[in-house]
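Working notes for the structure below.
Readers should treat all values here as calculations from the given coordinates under stated rules, not as data from a laboratory. Note that the coordinates shown come from a computational prediction; the quantities given were computed from them, not determined experimentally. Cβ placement follows ideal geometry from the backbone for every residue including glycine, while neighbour counts extend to all protein chains displayed.
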Amino acid sequence: MKKIKIAQIGTSLYSHGQLIWETITAQPDLFEIAGYALPENEAEKFPRKMPAFEGFRQLMVEEILTDPTIEAVTIETEEIYLTKYALMAAKAGKHIHMEKPGGLNSADFEALIAAMKKSGKVLHLGYMYRYNPYVQELLAKVRSGELGEIINVEAQMNMMFPLTDEARQWLKTFPGGMTFFLGCHLIDLILQIQGTPQEILPLNCATHIGGTTSEDFGMAAFKYPNGVSFAKTNAAEVGGYNRRQLVVCGSKGTVELKPLEINEGRSCVSTARAEYPSGAHSQSAPFNRYGGMMAAFAAYARGEKENPYTLDYELTLYQTILKACGAIK
């Protein structure tokens with residue numbers, strides 16, 4: 001199997017930068033690690049993240065982009081810089097794995113999509129739930145018609161940010177706060193299951209708990225011909241992590257995944273159908289939420305598999321997220 005020579009640009013305090021780096025460095029059968037770059041003063045801003053990079057070669061961004069032997073990059077900067085560096089990598093002809101959802105500006109993301117179409121390389125976004133085995137199984141049931149006509153989707157991804165420190169105020173960086181930061185994962189699932197909604201209603205607000213003024217309570221409703229779906233993500237929910245949940249209601253059955261993840265790599269599922277409305281229950285075996293995602297990226301970059309998430313889909317998703325955040329109409 002051909003290894004993909006890869007480098008990482010950036011890391012961040014609250015997103016997946018360190019975890020993606022740890023994942024690719026733990027997959028030596030898939031990736032040859034060229035090194036990493038830390039732009040935007042990240043080494044000084046995030047000293048707690050630096051031990052993960054020890055023992056690997058530190059490069060300048062320009063070295064990564066101009067090295068023709070480096071085939072792929074992971075773009076893991078803070079969200080405000082994502083499309084800046086992704087666009088540079090796209091113009092350099094690299095395969096790209098990028099932190100979700102892809103920067104703050106719609107025009108910049110559109111330019112990135114155009115550059116990737118021109119390059120013909122892979123653009124892979126960090127939506128790890130796409131690689132959750134029970135999510136994959138559920139999506140297959142939806143696509144096969146096993147659940148019948150889909151009526152609505154209820155998706156939640158909650159957590160408990162510290163109530164008085166800078167973490168929840170940091171959410172002011174984003175339009176829509178939590179809807180941008182974590183709600184993007186849920187919107188991805190809703191869009192895959194139901195397609196483009198007729199109407200999007202942003203319902204984001206501040207809890208004001210601990211004095212926060214950021215939109216730390218993220219919610220959006222999506223109107224479809226058969227009903228209304230919602231994505232909700234609360235940064236101040238006690239026990240919120242274990243109540244991360246996906247419910248899909250169809251005319252022939254309902255499937256509930258709750259929690260979406262537990263104990264760093266299990267999912268629980270309940271299914272009800274007309275013939276057994278009391279439902280069936282099961283729990284997945286352990287899995288690595290990032291391992292499968294990055295293995296898929298390697299396969300796409302090698303040309304062994306086609307990325308099912310097209311550039312046009314990623315653009316539609318990004319614009320849908322911004323609408324749910326109230327950033328665009």
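Below are the figures for this structure:
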{"read-out": "Aspartates and glutamates with Cα under 19 Å of K91, excluding same-chain neighbours fewer than 8 positions away", "value": "E62, E63, D67, E71, E76, E99, D108, E110, D312, E314"}
{"read-out": "R0 of 30 Å, Cβ-Cβ distance K305-K329: FRET efficiency to nearest 0.05", "value": "0.25"}
{"read-out": "Distance-filtered residues of the stretch 224-240 - backbone nitrogen under 14 Å, label point 7 angstrom along K141 Cα→Cβ", "value": "none"}
{"read-out": "Beta bridges per DSSP with both ends in the chain, % antiparallel, nearest 5", "value": "60 percent"}
{"read-out": "Degrees separating the helix 133-144 axis from the principal Cα axis of the chain, which is the longest one", "value": "60 degrees"}
{"read-out": "Size descriptor, Kirkwood hydrodynamic radius, that averages inverse alpha-carbon separations across the stretch 133-283, Å", "value": "16.0 Å"}
{"read-out": "Sites S251 and K223 - FRET efficiency at Förster radius 22 Å, r taken between beta-carbons, to 0.05", "value": "0.75"}
{"read-out": "Those lysines that a straight Cα-Cα span of less than 26 Å connects to K258, excepting residues fewer than 8 apart in one chain", "value": "K100, K141, K223, K232"}
{"read-out": "Residue-averaged 222 nm ellipticity for the chain, from DSSP H runs of 4+ at -39500 (n - 2.57), nearest 500", "value": "-9000 deg cm²/dmol"}
{"read-out": "Distribution of pairwise C-alpha distances over the chain, 20 Å bins, in %", "value": "31, 60, 9, 0"}
{"read-out": "Crossing angle, helix 183-194 versus the chain [Cα axis fit, 0-90 degrees, rounded to tens]", "value": "60 degrees"}
{"read-out": "Cβ-derived FRET efficiency at R0 51 Å, E149 paired with E54, nearest 0.05", "value": "0.40"}
